[in-house]
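Bear in mind these aren't lab numbers, they're just calculated from the coordinates by the rules spelled out. Worth saying up front: this structure is predicted, and the values here are computed from it rather than measured. All Cβ positions, glycine included, derive from the backbone under ideal geometry; neighbour counts span all protein chains shown.
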């Protein structure tokens, strides 16, 4: 299984998650935009920080957490960041993202047209920096009380979602890109059917001879949950791949028989497991 994970899977050349930042109230732009996408553009992979945070802090041994490190990781595995400065947290994100060129590059800042009559700290500072750095061509304005969400989608589509594939090839953990680790975690869950964080860490230690970062793996796993690529199954903290999302990692031609053989071996091994675990495995198989 370890050898298969090292070179047996294809992944997209880069991430396709859209990280949406803003307020949490039902009247805020962020939940309204996410609902609009769910209805009209279900293929857009929206990242929900709430789900990621809930998963992260449900771990039996909580690892030290730095929100800025977490948001940088999200930006690395994302296609884009849509930012509505409408609540204290999103005001802070606007300033933070504007100061980091690699994050500002991916950011679409959407300001409330009704509040642009006079200068503000955001419009005179962070907005100018993001506007000059973003690959999405400047800052957007739309009335928050009657938003043109279609215009935001049009701006989002100025940079195409990744279509090309590459082989998931593993070297040292320290030199592996965050996106590749992200896809490797997904592949681990996919082949094992249902896993805990401890299982993922065990596989990573086996691949990289224990030279890994547990906090980094935990954060990336939680981002997968926040993007709904992984979902909880059973009552013991197991995760499985989503049955509603396109796979992040797909077996390469010429490796399918090898994958099938490994899954058969795993199925035989699982037969000796606790009945409750077998129920979790069966639930995961049927869902996938």
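Using alpha carbons only, how many degrees (0 to 90, rounded to 10) separate the axis of helix 275-287 from the longest principal axis of the chain?
Taking the Cα atoms of the chain, the angle to 275-287 is about 50 degrees.
For the residues 151, 243, 112, 272, what sequence is obtained by ranking on other C-beta atoms within 10 Å, fewest first?
Sorted ascending by nearby Cβ count, the order is 272, 243, 151, 112.
Can you say what percent of the DSSP beta bridges in the chain, counting only those with both residues inside, are antiparallel? Round to 5.
Counting DSSP beta bridges with both partners in the chain, the antiparallel share is about 45 percent.
For the chain, how big is the tail of P(r) above 23 Å, as a whole percent of Cα pairs?
For the chain, the fraction of Cα-Cα distances above 23 Å is 57 percent.
At 37 °C and a viscosity of 0.692 mPa s, what translational diffusion coefficient does Stokes-Einstein give for region 116-204, taking Rh as the Kirkwood radius over Cα pairs? Give it in µm²/s as a whole number.
Taking Rh from Cα pairs, D becomes 188 µm²/s.
Once both axes come from the Cα atoms, what is the angle between helix 256-270 and the longest principal axis of the chain, in degrees from 0 to 90, rounded to 10?
That helix lies at roughly 70 degrees to the long axis.
Of 159, 189, how do they rank once you tally other Cβ atoms within 10 Å and put the fewest first?
Lowest count first: 159, 189.
For region 1-159, what is the convex hull volume of the alpha-carbon atoms per residue, in Å³?
Convex hull of Cα atoms, per residue: 148 Å³.
Nearest 10 degrees is fine. How inclined is helix 88-98 to the longest principal axis of the chain, computing both from alpha carbons?
Relative to the chain, helix 88-98 is tipped by roughly 90 degrees.
Give me the log10 of I(q) over I(0) for region 141-284 at q = 0.10, 0.14, 0.17, 0.18 Å⁻¹, as the Debye formula computes it from C-alpha points; what are the numbers?
At q = 0.10, 0.14, 0.17, 0.18 Å⁻¹ the computed log10 ratios are -0.45, -0.79, -1.05, -1.15.
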